[in-house]
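Asker: My questions all concern the structure below.
The values are calculated or read from the model by the stated rules, or taken from the named source; none is laboratory data. None of the values given here were measured: they were computed from a predicted structure. Glycine also receives a Cβ, built like all others from the backbone with ideal geometry; neighbour counts cover every protein chain displayed. Each accessible area value is taken on the protein alone, full model and side chains, heavy atoms only, with ligands, DNA and RNA left out. Shrake-Rupley method; radii C 1.70, N 1.55, O 1.52, S 1.80 Å.
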Amino acid sequence: MDRGREFPIVVAATLVVAGWACGGDAPSGTRSLEVVDSAGVRVVRNTGPSWEAGEAWLVEADPEWTLGELEGPSETRFFQIEDLVWRSDGGVAVIDGGSAEIRAFGPDGRHLWTQGGEGDGPGEYRSPSTLLLLSGDSIAVYDSRARRISVVGPDGEFVRSVIPEPPEGHVMAAPRVTVGPGVWLSSGGVRFGGEMSASETMTPPMSFFLARPDGTVLDSVLSLPTAARLVQQNERGVSVWTVPFSVAAPVAGGGGRLVTAVPTAPVWTARDSTGRVVQVVSFPSGGRPVRDEDWNAALEFALDGDDDPEFRRTVTEAYEAMERPAEWPILETLILDEEGNVWVEGFQPPTADGEPSRWWVFTGDGRLLGQVSLPAGLKVRAIARDRIVGVATDELGVERIQLHRIRRPSG
């Protein structure tokens, strides 16, 4: 990997954005696109969406099917859905964190099988957190507490497990996304390091590297910022608070590509399966300052109507000690759909509950198609050509998996 030119390329793209990002989204139909090929890297500058009136994709507000209920069969009662992936038949496989089970459902939502359960034995899990689809509908399950990868066959049978060895200088080897056949992006963990004061806001980096499913490390790739955290030390121990209006840098993969972004800039970067930067894409989106009313709303959300004086004092003091971000993040989630399109979710604070989420949609070569609104409260997990699957939580705290259809007016 030629690391020597990776950083200058990203900086150059960011400087291009700086001149026009403050103007907000450009009107539809401008079809403005600038492309520069620099030393094998495609630099794409979008100055507006390319969808004309009537061409935008629409996501149906009502789900085609829903899984999840307060009472009923155990396979459709969920608590802490950790991850979800498509199966080749159009169905899904799901981690239910509460039961430490992997459950598979067909394209119509019918339950197919359940595997796992809490424990330390073969095929059991302490804290399953990530699913990655392997060939033939086998699934790799990463257990974040046991730091173990288990392989589950297409019919739910346990096959084998391996504990990947982290490379030198990393604290873990946690698979995050599939980049291409036999290549994963794994996380090496967060290191705070250095001397810390009694109360300090910090943004520790997360390291990533490429690896094979058997745990073999291929190459170190990059370091990306995590969400800012307030770390407080006192006689009772250490408290860590996530700072509002701060999110971790997202990653997505598939089809031999790795896509990354920094939440505070309207730019995403694509790498190939070796980690080499091949494309940098920018798009118009203006910044928004974090105002006093934004911060106060976030504090009230954190207090959540709790009347306990000690709780309110602790939370309020933590917010007062935090270093407030100057601006809202621009984006917070990346997803590659089955066709290689890149979906970028605009940032939404928790206080925006009940509002539809907005996603920019790009073709694989970096052209901005436009924006799509998704149903309020839906946390998208996977996208195919004509359907989206995600998780929604109702007012009783019941988690539900929902499949929504995508309509493409232009075919």
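Asker: Kindly list the residues of region 333-374 that lie in the label zone of residue 386, defined by a backbone N under 16 Å from the point 7 Å along the Cα-to-C-beta vector.
Answerer: Counting only backbone N, you get 338-339.
Asker: Can you give me the three principal axis dimensions of region 59-170 from its C-alpha atoms, in Å, biggest first?
Answerer: For region 59-170, the Cα spread along each principal axis is 49, 29, 27 Å.
Asker: Here's something else I'd like to know. Taking only the C-alpha atoms, wrap a convex hull around region 162-248 and report its volume per residue in Å³ as a whole number. It would help to have the intermediate numbers written out before the result.
Answerer: Details: hull volume 9.9 nm³, N = 87.
In region 162-248, the Cα convex hull volume per residue is 114 Å³.
Asker: Tell me, in nm to one decimal, what length is gained between residue 310 and residue 358 on full extension, where the rule is 0.36 nm per residue of separation less the Cα-Cα distance?
Answerer: Details: separation 48, 0.36 × 48 = 17.28 nm, distance 3.74 nm.
Residue separation times 0.36 nm, minus the Cα-Cα distance, leaves 13.5 nm.
Asker: Mind listing P(r) for region 123-279? All alpha-carbon pairs, 5 Å bins, whole percents.
Answerer: So the P(r) values, bin by bin, are 2, 9, 16, 18, 18, 15, 11, 7, 3, 1, 0.
Asker: What number comes out for accessible area per residue over region 55-98 if the probe is 1.4 Å? Units Å², please.
Answerer: Values: 2080 Å² over 44 residues.
Normalised by residue count, the accessible surface of region 55-98 is 47 Å².
Asker: Accessible area per residue, 1.4 Å probe, Å², for region 275-411: what's the number?
Answerer: Values: 6200 Å² over 137 residues.
Value returned for region 275-411: 45 Å² of accessible area per residue.
Asker: Please report the Cα spread of region 298-357 along all three principal axes, rounded to whole Å, starting with the longest.
Answerer: Largest first, region 298-357 extends 52, 25, 16 Å along its Cα principal axes.
Asker: At 0.36 nm per residue, minus the direct Cα-Cα distance, what do residue 163 and residue 111 gain on full extension? Give it in nm, one decimal, please.
Answerer: Working: separation 52, 0.36 × 52 = 18.72 nm, distance 2.97 nm.
Gain on extension, residue 163 to residue 111, equals 15.8 nm.
Asker: As a check on your grasp of the helix formula, calculate [θ] at 222 nm for the chain: sum -39500 (n - 2.57) over DSSP H runs of n ≥ 4, divide by the residue count, round to the nearest 500. Spell out each step's value before the answer.
Answerer: Numbers: 3 runs with 38 residues, N = 411.
That comes out to -3000 deg cm²/dmol.
Asker: Could you state the accessible area per residue of region 151-192 in Å², with a 1.4 Å probe and every protein chain left in place?
Answerer: On the way: 2030 Å² over 42 residues.
Dividing the accessible area of region 151-192 by its residue count gives 48 Å².
Asker: Just check region 128-205 against the gyration tensor rule for me: Cα atoms, a ≥ b ≥ c as the square roots of the eigenvalues, rounded for a/c under 1.5, and otherwise prolate or oblate depending on whether a/b exceeds b/c. Can you show the working numbers first?
Answerer: Details: a/c = 2.86, a/b = 2.55, b/c = 1.12.
Verdict is prolate for region 128-205.
Asker: Can you give me the long-range amide H partners of residue 377? Hydrogens built in the peptide plane at 1.01 Å from N, cutoff under 5 Å, separation of 5 or more residues or another chain.
Answerer: Amide H neighbours of residue 377, under 5 Å, 5+ apart: 354, 355, 357.
Asker: Kirkwood hydrodynamic radius of region 271-322 from all distinct Cα pairs, in Å? Mind dumping the intermediate values first?
Answerer: Values: mean 1/r = 0.0679 Å⁻¹.
It is 14.7 Å.
Asker: Sticking with this one: If the viscosity is 1.306 mPa s and the temperature 10 °C, what translational diffusion coefficient in µm²/s does Stokes-Einstein give for region 229-361 when Rh comes from Kirkwood over Cα pairs? Can you show the working numbers first?
Answerer: Values: Rh = 17.0 Å.
Diffusion coefficient, whole number: 93 µm²/s.
Asker: At 1.4 Å probe size, with the rest of the protein present, what percent of the exposed accessible area of the chain is carbon and sulfur atoms? Write out the running numbers ahead of the final one.
Answerer: On the way: 9330 of 18960 Å².
So the carbon and sulfur contribution to the accessible surface is 49 percent.
Asker: How much length would be gained if the chain were fully extended between residue 295 and residue 326, taking 0.36 nm per residue of separation minus their Cα-Cα distance, in nm to one decimal?
Answerer: 10.1 nm
Asker: So for the chain, Kirkwood radius off the Cα pairs, Stokes-Einstein at 37 °C and 0.692 mPa s: how many µm² s⁻¹?
Answerer: Values: Rh = 22.7 Å.
Estimated diffusion coefficient is 144 µm²/s.
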